Amino acid sequence: MMQRKTILVAPLNWGLGHATRCIPIINELIIHGFKVIIAGDGAALLLLQKEFPKLESVELPSYDITYPKNGSNFKLNMLLKVPHFLRTISAEKRNIAKLVDEHNIKGIISDNRWGARSKKVPSVFVTHQLNVLSGSTTKITGKLHQKYIRKFTECWVPDFKRSPNLSGKLGHVEDTEFPIKYIGPLSRLRKEDIVKKNDILILLSGPEPQRTLLEEKLLLEFKDTTKNLLLVRGVVEREEKTTQQGNIKIINYLKTDALSQAINESGFVIARSGYTTIMDLAALEKQCFFIPTPGQFEQEYLAKRLKKKGLVLSCSQKDFTQEKLLNMFAMPRLSSKTHEQDFGKLFSLFHSK
């Protein structure tokens, strides 16, 4: 009997999106007969451990990404962390080299972890950001990111190559010096036509302290609401915790099936405009209000782009009020064209060695 090839899957711990969009990839790897080892840190690793309790997992060094309370200081905050990022990448590469040898790993799928690669085996970089938006320094950050992507065997972009697409200029550039495969949007969730239980669903995740700041603002804004409101905090913990504040039901975290049901049972969704969240809500064809993380150019761009197309409502965190939702159910639904990815063909890369 042929021994199964082992693939290491390593998402970045920056919010939950990098980890959650790896879930459909991991499921397909298992379906196609691969053995999967999960690698990461923090909430991202814990999330995948909860989703795949039978899979082996290992911890990698943390990039320790946090947001300043003042969103305008985000770029400076990231700049000051560059020495730490470089040390983390070096430590990550050493850990990966050891894992490749000890576990006979035959391929690596890294979702935005720059050091999760090896010259010994095919290494894939998953990202929707070929361009990294950073205001006046976008050209520099984009080129720097592409420099790291070139060190990988392939780059997989979870979007469509041509319009209409979800990522816009983030995931589409010309004249790259590395192979790109557009694999279509990734979502762990499935649309169901079921009875609506919640008028509004709030989905929160992302680095602190901005996640908590938005949660506190929304709880205050909706404290006297007469609508049925469910708030999923996006805080991954060992046990599920549920509390009630007036008409607001609060849950710390939901696994895939429960989250899919909760979104399908909700009429309207308020969320950050992270790319993975957009892919999920497009797959479920939801009406949405997006509140970008302050200072995060990527989320601001995506929310503005979809609002301009008339597909969603959006505003800044400081400007949000309940009154912004007066016309929410008159909005069109966010959606994405269907796409069936040939994962067998995509994974053929790992049979090359």
Which value in Å is the Kirkwood Rh of segment 258-340 over different Cα pairs? 13.0
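Quick one: plug the Kirkwood hydrodynamic radius of segment 1-55 (C-alpha pairs) into Stokes-Einstein at 10 °C, 1.306 mPa s, and report D in µm²/s. Spell out each step's value before the answer.
Working: Rh = 11.4 Å.
Using the Kirkwood radius from Cα pairs, D works out to 139 µm²/s.
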At q = 0.13, 0.14, 0.27 Å⁻¹, what log₁₀ I(q)/I(0) does a Debye calculation on the Cα points of segment 127-198 give, no solvent, two decimals? -0.46, -0.51, -1.29
Return the tail of the calculated pair distribution for segment 168-314, meaning the percent of Cα-Cα pairs more than 24 Å apart. 35
With springs connecting C-alpha atoms under 10 Å apart, model the chain as a Gaussian network and identify which of 265, 298, 237 has the largest mean-square fluctuation. 237
Dipole size in debye (nearest 20) for the chain around its Cα centre, Lys and Arg Cβ +1, Asp and Glu Cβ -1? 880
Inter-site label distance for residue 261 and residue 191 at 7 Å from Cα along Cβ, in nm: 2.1
Under the √(5λ) rule applied to the eigenvalues of the Cα gyration tensor, what semi-axes describe the equivalent ellipsoid of segment 70-162? Give them in Å, descending. 26, 18, 9
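Direction-averaged shadow area of the convex hull around the Cα atoms of the chain, nm²?
Numbers: hull surface 70.5 nm².
Its Cα hull, projected and averaged over all orientations, spans 17.6 nm².
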Candidates 220, 12, 325; GNM for the chain (alpha-carbon contacts under 10 Å) flags as most fluctuating 220
Checking 268, 178, 125 against a Gaussian network model of the chain (alpha-carbon springs below 10 Å), the top fluctuating residue turns out to be 178
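Read the figures in this text as sums done on the coordinates, not as results from a lab. These figures come from a predicted structure and were not determined experimentally. As a convention, Cβ positions derive from the backbone with ideal geometry for all residues, glycine included, and neighbour counts pool all protein chains shown.
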